[in-house]
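Scroll down for the structure; my scribbles are underneath it.
The values are calculated or read from the model by the stated rules, or taken from the named source; none is laboratory data. Keep in mind that this is a model prediction, so the values were computed, not measured. Cβ: placed from backbone, ideal geometry, glycine included. Neighbour counts: every protein chain shown. With ligands, DNA and RNA removed, areas are computed over all heavy atoms of the protein, side chains included. Shrake-Rupley method; radii C 1.70, N 1.55, O 1.52, S 1.80 Å.
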Amino acid sequence: MKESAIIFGLGYNYFMSYGQLNEQYDIIALTDNNSEARNWAGSITLHIGREIILPDEILQKTFDKIIIVMGSAANVRKVREQLSDYGIPNHKIDTFTPLTVTPFLIDPMFYETNLTHEQKRKLFAENCETVTIEPNSKCNRRCWFCPNSVIDRNSTNIPMEWEVFCKIITELKEIGYNGIVSYSFYNEPLLDNDLEKKIEYVRNELPNTIQVVSTNGDCLTPKRMASLTASGLDDMIISVYNENNPDFEWTVEKAEAQVWKFINNLSLDVIYIQRTAQSVTAFAQRDGLNVRMQNHDMCYAAHNRGEILSDSLPFIKRTERTTFCMNSFVTMNVYYDGSVYSCGNMRNDFDPHKEFLIGNVADNSIFDIFQSESAQRFRKEFTYNPKQLPCRSCTMEADTFIYQFPTIPFRNRPRYTRKMRKED
């Protein structure tokens, strides 16, 4: 039986932990010291029927725990002191640790050679979070911050062969894969006429996966969204872009206006909107489909994508990378031609990246590719310093590659640990 709990803290960390918290606790009420946060939580469809209370009304409730969900340790301490002043004993107060601060533990088996087929399957099953499949080659845009601005992905549209696609899914079925299947990369997946067919096939073969489509939204209509939902799609990420001009003056106000165009045109129910100095992200739903719309200042968010793009572009983040990257440990990146690379920033159609090919699913099993000699060599190169091409100037913050949405429970992998802590 779940413990009954009151959630204290209705900011971004709470909304991104919504699925996990609901899985773990019987939540009887929500509260926050910020009246705007309480009003916002009370107005959205996510919390219909859930009671939003004032902090001092906590004493009127019967509960097992109060769970503080805040990113700042200083705010956590203030709330603990506040609850203590109410007379609530310390053993009834816990803090929920956000996923983003969870440590990543590398399985030593990654560095072993001569693994059996079963060991390779186990390593993949316990570590791979996302299998990204590029269902077709074409993109209708040539954005200035994307390699498609200098590499042609516009003139032809080559679909992934159906037999190759089915082979990937069949092998994932062998291990009962329950991670993410993402349809994206340097294409526009809505230009694939067989996208719904692929999604329906995966839904039947891998019922416990989360299927995600990433799109620029240019081809998206309410009718197409309904079709994708009916086929079994769980989530959609819409990259909301402004003018295709590196000199465009990005502002939060302009970005949010663009996001609201999608919300209104697609009749979406808004769950939460996060605003930062360089991004606006909105979480919404329609008919059971989760939708995340993101509008970034690409001068801050973008980078040279494995040193494909010119240093003359106005990218703010320029650095010599020294930090660890999880990508090659937790993702399988399959391009439309079946080629696999350890990182999604490595292109199958960029000659300097060809040496980073680790296999092709048409010729080898995904488990052999995931633990191939090439994959092992690249993991070592990406883990230690100094980093070499294409990682040496990458600014991507690779803390986790698990797609998060407020209503989705976290799919645990053995290397992750989540615990409640008494003190911060």
*asked:* Given the criterion within 26 Å of Thr331 (Cβ to Cβ), among the small types (Gly, Ala, Ser) and either surrounded by 13 or more Cβ atoms within 10 Å (Cβ to Cβ) or modelled with pLDDT of 95 or more (or both), identify the matching residue among Ser84, Ser137.
replied: Ser137
*Write out, first by first residue and then by second, each pair whose Cβ atoms fall under 6 Å of each other, whose residues are 6+ apart or on separate chains, and whose first residue, in the stretch 218-232, is over 16 Å from Lys261 (Cα atoms) while the second is surrounded by 13 or more Cβ atoms within 10 Å (Cβ to Cβ).*
Ser227/Glu196; Thr229/Leu289; Ser231/Glu196; Ser231/Ile199; Ser231/Glu200; Gly232/Ile199; Gly232/Glu200; Gly232/Arg203
*Failed condition for Arg142, given (1) touching a helix residue (DSSP H, G or I) at 6+ places or on another chain (Cβ under 8 Å); (2) open to solvent by less than 40 Å² (accessible area, probe 1.4 Å); (3) outside any helix (DSSP H, G or I); (4) farther than 30 Å from Lys380 by Cβ*: (2)
*asked:* Please go through the stretch 328-339 and give me each residue that is under 29 Å from Thr156 (Cα atoms) and either surrounded by 18 or more Cβ atoms within 10 Å (Cβ to Cβ) or touching a His at 6+ places or on another chain (Cβ under 9 Å) (or both), ordered by number.
replied: Thr331, Met332, Asn333, Val334, Tyr335, Tyr336, Gly338, Ser339
*Among the candidates Ile151, Ile169, single out the residue that is outside any loop (DSSP other than H, G, I, E, B) and among the β-branched types (Val, Ile, Thr).*
Ile169
*asked:* Checking the condition open to solvent by 20 Å² or more (accessible area, probe 1.4 Å) and farther than 30 Å from Lys197 by Cβ, which residue from Gln278, Gln285 passes?
replied: Gln278
*Pro314 fails exactly one of the following numbered conditions: (1) within 20 Å of the chain's Cα centre (by Cα); (2) open to solvent by 40 Å² or more (accessible area, probe 1.4 Å); (3) more than 30 Å from Ala37 (Cβ to Cβ). What is the number of that condition?*
(1)
*At least 2 residues that are of a type in the set (A, V, I, L, M), touching a residue at least 40 places away in the same chain (Cβ under 8 Å) and touching a helix residue (DSSP H, G or I) at 6+ places or on another chain (Cβ under 8 Å) in each: list the strands (runs of 3 or more DSSP E) lying fully within the stretch 9-120 that qualify.*
65-68
